[in-house]
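Asks: The structure under discussion is supplied below as structure tokens; questions concerning it will follow.
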Amino acid sequence: MRLNPDKKEAENVMKGLAENEKKYGKRYCPCRIVTGNKEEDAKKICPCVWRNQEVEKDGHCLCNLFVK
């Protein structure tokens with residue numbers, strides 16, 4: 001697993017992570033909805049708990065930051 005080699009794609013995701021950190025105080029994946037439930041939202045902090053499974057299954061995580 002590695003970061004997406006498409007620099008523009010990776011930069012867009014990183015911008016979303018930075019915006020979420022400013023807004024919520026954590027680097028939540030921009031492709032996930034922050035609910036306000038701290039326990040559930042903790043799973044969405046990048047790298048999220050679904051990353052490995054999604055990369056294995058789809059070749060990339062949902063937000064496209066990590067790829068096979």
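The values are calculated or read from the model by the stated rules, or taken from the named source; none is laboratory data. From a predicted model like this one, the values you see are computed outputs, not experimental measurements. Here Cβ is always computed from backbone atoms with ideal geometry, including for glycine, and neighbour counts include all displayed protein chains.
Asks: Please pick out the residue among MET14, MET1 that is modelled with pLDDT under 95 and either surrounded by fewer than 17 Cβ atoms within 10 Å (Cβ to Cβ) or more than 11 Å from the chain's Cα centre (by Cα) (or both).
Replies: That would be MET1, the only listed residue that is modelled with pLDDT under 95 and either surrounded by fewer than 17 Cβ atoms within 10 Å (Cβ to Cβ) or more than 11 Å from the chain's Cα centre (by Cα) (or both).
To keep it simple, each residue is scored yes or no on (1) without any contact (Cβ under 8 Å) to a residue 24 or more places away in the chain; (2) in a helix (DSSP H, G or I); (3) within 17 Å of VAL67 (Cα to Cα).
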{"residue": "GLU9", "(1), (2), (3)": "no, yes, yes"}
{"residue": "ASN12", "(1), (2), (3)": "yes, yes, yes"}
{"residue": "GLY16", "(1), (2), (3)": "no, yes, no"}
{"residue": "LYS23", "(1), (2), (3)": "yes, yes, no"}
{"residue": "CYS31", "(1), (2), (3)": "no, no, yes"}
{"residue": "THR35", "(1), (2), (3)": "yes, no, no"}
{"residue": "GLU40", "(1), (2), (3)": "yes, yes, no"}
{"residue": "PRO47", "(1), (2), (3)": "yes, no, yes"}
{"residue": "GLN53", "(1), (2), (3)": "yes, yes, yes"}
